[in-house]
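For reference, the structure is listed below as structure tokens.
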Amino acid sequence: MAHQWQGVLREYADRLDVTEATPIVTLGEGGTPLIPAPALSRRTGADVYVKFEGMNPTGSFKDRGMTMAISKAIEHGAKAVICASTGNTSASAAAYAAHAGIQAVVLVPEGKIALGKLSQAIAHNAELLQVQGTFDDCLDIARELSANYPVHLVNSVNNDRIEGQKTAAFEVVEVLGDAPDFQFIPVGNAGNYTAYTRGYTEELERGITTKLPRMFGFQAAGSAPIVLGHPVKDPETVASAIRIGNPASWELALAARDATNGYFGAIDDESILDAHRILSAEVGIFVEPASAISVAGLLERSEAGVIPAGSKVVLTVTGHGLKDPQWALRVAGGGEVTPTVVPVDTAQIAGVLGLSPSGAA
Ligand code: AN7
């Protein structure tokens, strides 16, 4: 029988706070591919791999943390969970709560989350409220509700989320045999940046690896509080997943940066969409805009001369392109792709394709 991946709580039971008393709620998350990206290696002179987290059950890395957060919530007797979300956390919370048979409540900024993610939360029967404010407003309210009402908070301020998410670093190390030289990652609340740093640090402490990767995190230019050094009141970017003005794990992320000789940078929206096109067209991996910022960050840092030739580089791409697909139809500089319409006529279609007959048979 083929081996079936057991989900991160079972696969890494010895590395997580999971006991006999923990009811394991899993959809088989983790075990995602680490894909060599020769096109990006050629562009940068580095040895580049893409950790494709869109391959998780709900299409984002959030599932690694959600299996842990929902399992622990139920262990503690929770009957309902709550989160604020730019979309992916709510999709994941809704799916895992549905699987466990408990209620999920999700607060999202009105009109600001991708349709695929909204559809997921609704499909999985979450109580979804669109708040007339930003993600940061939603998180403040979710924290207040969880402090005063019987709803268990599953945002990444809950350490169980970070614990589950650190398993992605374990998987990278298993495949590469050591930590990479650089780990590139999108940053919103900086929970995942914190989680990868924790995972790599634990591997070093266990003597499995010889070094920590330099943790390179990227925010969208219109939503770059960590880079600017102050909260952003009205964050704006096409990368709706990381439209976050006051990151919850800000302090932890600065400590992680300092511990790894890391870096935080900002990338403008056009460069994010350019990187999205490169990753789609040259590597064959379809991601949502927030995830493409890892690629944009590598190209920008490579151009700046910071990435030595031959460096081992891992780009984590956090969410699937099918969640927010319309960006693929945008042409660089503006305008939309409209596929050519043709009649049911082989010769005409060959003509449109510029094909000449391949000769007599
Ligand atoms: C695709 O869903 O915050 O820096 O509420 O969906 O750990 O916040 C999503 C974040 C990167 C940033 N890429 O991760 C939410 C939410 C994608 C994301 C991030 C998010 P963090």
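Out of A253, A221, A281, any idea which swings most in a Gaussian network model of the chain, alpha carbons joined below 10 Å?
Of A253, A221, A281, the most mobile in the Gaussian network model is A281.
Helix-derived [θ] at 222 nm for the chain: sum -39500 (n - 2.57) over DSSP H runs of at least 4, divide by residue count, nearest 500?
Numbers: 14 runs with 140 residues, N = 361.
Per the formula, -11500 deg cm²/dmol.
If you take the beta carbon distance between A2 and R206 as r and set R0 to 51 Å, what does 1/(1 + (r/R0)^6) give as a FRET efficiency, to the nearest 0.05? If you can, show how the numbers build up before the last one.
Numbers: r = 30 Å, r/R0 = 0.58.
After rounding, the FRET efficiency stands at 0.95.
Among H124, H230, what is the fewest-to-most ranking by other Cβ atoms within 10 Å? Write out the running numbers ahead of the final one.
Details: H124 21, H230 10.
Final ranking by Cβ density, sparse to dense: H230, H124.
Using the Karplus curve 6.51 cos²θ - 1.76 cosθ + 1.60 with θ = phi - 60°, what ³J(HN,Hα) values do you get for each residue of region 279-286, in whole Hz, with x for Gly and Pro?
Along region 279-286, the couplings run 5, 5, 7, 10, 10, x, 10, 9 Hz.
So how much slack lies between A98 and L129, counting 0.36 nm per residue of separation and subtracting their Cα-Cα distance, in nm? Before the final figure, lay out each step's value.
Numbers: separation 31, 0.36 × 31 = 11.16 nm, distance 1.72 nm.
Residue separation times 0.36 nm, minus the Cα-Cα distance, leaves 9.4 nm.
Could you let me know the centre-to-centre spacing of region 149-163 and region 1-46, using Cα atoms, in angstrom?
Measuring centre to centre over Cα atoms gives 21 Å.
To the nearest 20 debye, what is the magnitude of the charge dipole of region 158-203 about its Cα centre, counting +1 on the Cβ of each Lys and Arg and -1 on the Cβ of each Asp and Glu?
Values: 3 positive and 8 negative charges, 51 e Å.
The calculation lands at about 240 debye.
Where both residues lie in the chain, what percent of DSSP beta bridges are antiparallel, nearest 5?
Details: 6 of 37 bridges.
Just about 15 percent of them are antiparallel.
Does region 152-311 come out rounded, prolate or oblate, given a ≥ b ≥ c as the square roots of the eigenvalues of its C-alpha gyration tensor, rounded meaning a/c under 1.5 and, failing that, prolate meaning a/b above b/c? Write out the running numbers ahead of the final one.
Working: a/c = 1.58, a/b = 1.13, b/c = 1.40.
Verdict is oblate for region 152-311.
If you project the alpha carbons of the chain onto the principal axes, what extent comes out on each, in Å, largest first?
Principal extents (largest minus smallest coordinate, Cα): 74, 53, 47 Å.
Which whole-number percent is the relative contact order of region 246-361 (Cα, under 8 Å, 6+ apart)?
Values: 80 pairs, mean separation 23.4, N = 116.
About 20 percent, as a whole number.
Modelled label-to-label distance, V352 and E282, 7 Å Cα→beta-carbon offset: nm?
With each label placed 7 Å out from Cα toward Cβ, I get 2.9 nm.
Take the chain, connect every pair of alpha-carbon atoms lying under 10 Å apart with a spring to form a Gaussian network, then pick out the residue of I244, I272, I141 with the largest mean-square fluctuation.
Looking only at I244, I272, I141, the largest GNM fluctuation is found for I141.
Fully extended, how many nm does the chain gain between D140 and R330 (0.36 nm per residue separation, minus their Cα-Cα distance)?
On the way: separation 190, 0.36 × 190 = 68.40 nm, distance 3.45 nm.
That works out to 65.0 nm of additional length.
Each residue of region 311-319 in order: what ³J(HN,Hα) in whole Hz does its phi give by Karplus 6.51 cos²θ - 1.76 cosθ + 1.60, θ = phi - 60°, with x for Gly and Pro?
Karplus-based 3J(HN,Hα) across region 311-319 equals 4, 7, 10, 10, 9, 8, 10, 8, x Hz.
So which trypsin sites (Lys or Arg not before Pro) in region 144-232 pass both tests, a DSSP loop state and at most 11 other Cβ atoms within 10 Å of the Cβ? It would help to have the intermediate numbers written out before the result.
Numbers: sites: R161, K166, R198, R206, K211, R214; in loops: K166, R206, K211.
Counting only loop positions with at most 11 other Cβ atoms within 10 Å, the trypsin sites (Lys or Arg not before Pro) in region 144-232 are R206.
Every number in this text was worked out from the coordinates using simple rules, so none of it is lab data. Everything numeric in this text was worked out from a predicted model, so none of it was measured. Counting neighbours? That spans all protein chains shown, and the Cβs are built from the backbone with ideal geometry, glycine included.
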